[in-house]
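> Here you go, one structure.
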Amino acid sequence: MTTYNFSAGPGVMPEEVITQIKQEFEKNEQTHMSIIEISHRSKQFQTIVTDAENKLRQLMHISDEYAVVFLQGGGSTQFEMMPLNFATNHHEIAFLDSGNFAQKAVEAARELGNKITTLNSTKNMHYQKLPLLPDDFDATTYDYLHIVTNNTIEGATFHQNNLPKTTGRLVADMSSNILAEPYHVSDFDAIFAGGQKNLGPAGVTVAIIKKSWLAEQDVTGVGPMMRYQNHIDKNSMYNTSPVFAIYTLNLVLDWVIQQGGVTEMYRRNLEKSKRLYAYLDQSEFYTAPVEARARSLTNIVFTTGDLEKDKVIAKQATEEGLFNLSGHRSVGGFRASLYNAQPMSAVDALIAFLQKVEQQA
C-alpha cells in the first residue's frame, strides 16, 4: 500500500534526501564518524553551515544587507528573541492577528513587558479571512509590525501580493511556507522560520535579519543566548548547533535547487493546491471555508460541517494510508499539508479517497 504523510509538521521530506541520509548516516569517508557524532566546531560542519547559508541566499535572493543564522528553539523562541532584540525603542509592537501563532507571539511579547497593539483580528471570522492593516496605521508609533505569512492551523496566507503595506519595520513568521512561494526578502526587516515543514527536520530554525536594523538596537540586559548578534558573529555556532538538523536542511536546499528552485516549488504548489481546492469547491459534501484570495498553498483546511463525522473519516483515511489528515485540535475538521516534498500523487490519492467517502455518504 502506498502511503502519504499530510502532517503539518514535522512534515513530509523528499524521498531523495531520506535516501541520502540513510547512505551517509553510519560513517563519513573523511571523518570516519557518523554525522551525529561530528563536532559542531569541525571543518566539515563549518562547511555544511556555510553551504546551507549560501544555498538559502541563492534560493531566496537574500542580499548581503541581511544576516542568515541557524538557531535552536523553534518559532516559539523567536517570539521572544524578536522583541528582546528589536522592541528596544518604544517597547511597543503592532500585530495583525491572523491565527493561533500570531496570538502566541502576542502572548510572548506581552510577557516580556512590551506594549501590544492588535491592529486588526479576524478571530470572530474563525480566521477564514486575513486582517487588514488600518488606513490610519502610524508605523512610527511602534518598533515593528509582526505578521504570520501562512497560518498553519487556519489555512489563510499573506501572499506576496497581499502583504500589508507599511512604511515601518516588518517582521514575518514564515515557518510554514518558506520556500513554498516567492517573497521579496527586501520587503521585510526580519524573517524567521522553523525548519520542520519545508526546510528539514525539527530542531533548526532560520532567522534572516537586516543588519542595519540590528545595529541600531540597544540590547543591554538581554542574555547572551538571546542576542542575534552573538549567533551572527559565531556563524551559527555560538553554542552547540543542531548538527544533524542543519546537515539535513543543507540536503533539502540542494534538493530544492535541483528541482528548479522556489519558482518550480511555487508552480508545483499552485498546481497541487488548485487541484484539491477545485474538488472541494465543487463538492456538496465538503467545504473549504478560507476566503479564496487568502487560501494557503501549503495547509488546506476543510470540513464536512460535522466534526464528529470528520473524525471518523480521518480515521478511515489513516487505515487507507493517508496519514495525519485531522485538523488541529483547536479547529477540528481536516488539514492536508502540501509542502514542497509532497508529490502530486498524494493529492490525487486524497481526492480519490474523499470522492469515495462522498459517494458512500
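> Could you give the length gained on full extension between residue 43 and residue 312, defined as 0.36 nm per residue of separation minus the Cα-Cα distance, in nm?
My answer for the length gained is 91.6 nm.
> Can you compute 3J(HN,Hα) from phi for each residue in segment 218-234, using the Karplus curve 6.51 cos²θ - 1.76 cosθ + 1.60 with θ = phi - 60°, rounded to whole Hz and x for Gly and Pro?
9, 9, 4, x, 8, x, x, 5, 9, 9, 4, 4, 4, 6, 5, 4, 9
> Another one. Return the loop-located chymotrypsin sites (Phe, Trp or Tyr not before Pro) in segment 1-87 (DSSP other than H, G, I, E, B) with at most 16 other Cβ atoms within 10 Å of their own Cβ; answer none if there are none.
25
> Can you tell me the relative contact order of the chain? Whole percent, Cα pairs under 8 Å, sequence separation 6 or more.
Over the chain, the number comes to 23 percent.
> Where the accessible area of segment 65-202 is counted over protein heavy atoms with a 1.4 Å probe, how much of it, in %, is carbon and sulfur?
Carbon and sulfur atoms account for 45 percent of the accessible area of segment 65-202.
> In terms of solvent-accessible area of protein heavy atoms at a 1.4 angstrom probe, what is the ranking of 141, 298, highest value first?
Ranked list, largest accessible area first: 141, 298.
> With +1 on each Lys and Arg Cβ and -1 on each Asp and Glu Cβ, how big is the dipole of segment 94-245 about its Cα centre, in debye rounded to the nearest 20?
320 debye
> Determine, for each peptide in 197-205, 112-120, 338-346, 320-328, the mean count of other beta carbons within 10 angstrom over its residues, then list the peptides with the highest first.
197-205, 338-346, 320-328, 112-120
> So, one more: Let me cross-check residue 283: its accessible surface, 1.4 Å probe, with only protein heavy atoms counted, in Å² to the nearest 10?
10 Å²
> Same structure, new question: With every protein chain in place, what's the accessible area of residue 132 (1.4 Å probe, Å², nearest 10)?
110 Å²
> For the chain, what are Rg and Dmax over the alpha carbons, in angstrom?
Cα-based Rg and Dmax for the chain come out at 20.7, 64 Å.
> If DNA, RNA and ligands are ignored and the probe is 1.4 Å, what is the ranking of 1, 125, 60 by accessible area, most exposed first?
From most exposed to least exposed: 1, 125, 60.
> Skipping prolines and chain starts, which residues have an amide H placed within reach, meaning under 5 Å, of the one on residue 120, given they are 5 or more residues away or on another chain?
Result for residue 120 returns 97.
> Among bridges DSSP assigns within the chain, what percent are antiparallel (round to 5)?
Antiparallel bridges make up about 50 percent of those DSSP assigns within the chain.
> Report the relative contact order of segment 39-171, percent, no decimals, based on alpha-carbon pairs under 8 angstrom and at least 6 residues apart.
22 percent
> With every protein chain present, what accessible area does residue 123 have (1.4 Å probe, heavy atoms only), rounded to the nearest 10 Å²?
Result for residue 123: roughly 120 Å² accessible.
> What number does segment 215-305 give for Rg over Rh if you use C-alpha atoms and the Kirkwood radius?
1.20
> With respect to the cross-link table entries 22/210; 123/272; 165/210; 55/211, which display a Cα-Cα separation exceeding 30 Å?
Listed pairs above 30 Å: 22/210.
> Can you pull a Stokes-Einstein diffusion coefficient for segment 249-361 at 37 °C (0.692 mPa s), Rh from Kirkwood over Cα pairs, as a whole number of µm²/s?
Diffusion coefficient, whole number: 221 µm²/s.
> Equivalent ellipsoid semi-axes for segment 116-241, as square roots of 5 times the alpha carbon gyration tensor eigenvalues: give them largest first, rounded to whole Å.
Those come to 26, 20, 13 Å.
> Just the accessible area per residue of the chain, please: how many Å² with a 1.4 Å probe?
Averaged over the residues of the chain, the accessible area is 45 Å².
> Helix-only estimate, please: 222 nm mean residue ellipticity of the chain, summing -39500 (n - 2.57) across DSSP H runs of length 4 or more and dividing by its residues, to the nearest 500.
Here the helix-only value at 222 nm equals -11500 deg cm²/dmol.
> Among 18, 300, what's the order by accessible area (1.4 angstrom probe), most exposed first?
18, 300
> Something else: Put +1 on the Cβ of each Lys and Arg and -1 on the Cβ of each Asp and Glu in the chain; which of 204, 36, 76 then has its Cα farthest toward the positive end of the dipole?
It is 36.
> Considering just Cα atoms, how many Å³ per residue does the convex hull of segment 11-87 enclose?
Convex hull of Cα atoms, per residue: 152 Å³.
The values are calculated or read from the model by the stated rules, or taken from the named source; none is laboratory data. Everything numeric in this text was worked out from a predicted model, so none of it was measured. Counting neighbours? That spans all protein chains shown, and the Cβs are built from the backbone with ideal geometry, glycine included. For the accessible areas, the whole protein counts, side chains as well, though only heavy atoms, and no ligand, DNA or RNA atoms are used. Shrake-Rupley method; radii C 1.70, N 1.55, O 1.52, S 1.80 Å.
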